[in-house]
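Quick notes on the structure that follows.
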Amino acid sequence: MSFSQLNDIMLKLTDEVTVQVLNVLLGHREIIDEEIVNILNEGSSPETEENIEQEIKEEPAPRIALKEVRKSLYKLNERSLARYRRVRDRETGYFVYYWSPIWERIRDLIVRRRKSSLKKLRQRLDYEERNLLYVCASGHNPVTFSDAFELGFICTTCGEELSQKENAQTIHFLKEKIQELEKELKTGLDELDGLVELQEKVK
Ligand SMILES: [Zn+2]
């Protein structure tokens, strides 16, 4: 179980192992940290004879240690993205930690990050649309309308006439990017809703 946007965001905030751990958490209602280690290492264990042979020839895939997984779980806990329930094992007397993801917080994180990116893009678009720049044919330093007016629409470097700089392309790019992000935000939320439904089915 993995979904793109959360992984992108988490990679920026944390590291590869934590992203993998979170993805395992998302497929379970509750899971013990040892089980997470097993799931993460399953992919690297040889299944068929050919695989074993292949694996002997090649460098074995690095296995993820329990210590590393625990570190990741605490990172997620610090960010309030995962919680644990502690139960004492009657036989061994040791504590067992049952981990689960905190859906609302994960959802909030995605929404918050996407919205902040959107806001920045909209501000940039606004700036581009307001500040049409003027420049000579050689592209010597572009100036705003009021500066161009002061200069009599003449370039201070080459003396050529200043004309409005073509930033339509930038504006077009920004508009496309904004649309893309808006769509992503929506699909990201649909994706999350789907996972919440799935989570309710997981026993
Ligand atoms: Zn010039």
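Determine, for 69, 24, 17, the number of other Cβ atoms within 10 Å of each Cβ, and report the residues in order from fewest to most.
17, 24, 69
Assuming R0 = 25 Å, can you tell me the calculated FRET efficiency for the pair residue 161 and residue 122, based on Cβ-Cβ distance, to the nearest 0.05?
It comes out at approximately 0.15.
Rounded if a/c is under 1.5, else prolate if a/b is larger than b/c, else oblate: which is the stretch 63-107, with a ≥ b ≥ c the root eigenvalues of its Cα gyration tensor?
Cα axes put the stretch 63-107 in the oblate bin.
In terms of modelled amide H atoms, which long-range or inter-chain residues lie less than 5 Å from the amide H of residue 82?
Under 5 Å from the amide H of residue 82: 77, 102.
Please list, in order along the stretch 155-161, the HN-Hα scalar couplings obtained from phi with the Karplus expression 6.51 cos²θ - 1.76 cosθ + 1.60 (θ = phi - 60°), rounded to whole Hz, x for Gly and Pro.
After applying 6.51 cos²θ - 1.76 cosθ + 1.60, I find 5, 6, 8, 10, x, 7, 6 Hz.
Amide H neighbours of residue 32 under 5 Å, counting only residues 5+ apart in sequence or on other chains, H built in-plane at 1.01 Å?
Residues meeting the amide H criterion: 99.
Of 71/115; 115/177; 119/175, which ones are farther than 20 Å apart at the Cα?
71/115
Read-outs throughout are calculated quantities, based only on the coordinates presented, and are distinct from any laboratory measurement. A quick note: this is a predicted structure, and the numbers were derived from the prediction, not measured. With ideal geometry, Cβ positions are generated from the backbone for all residues, glycine too; neighbour counts draw on all protein chains shown.
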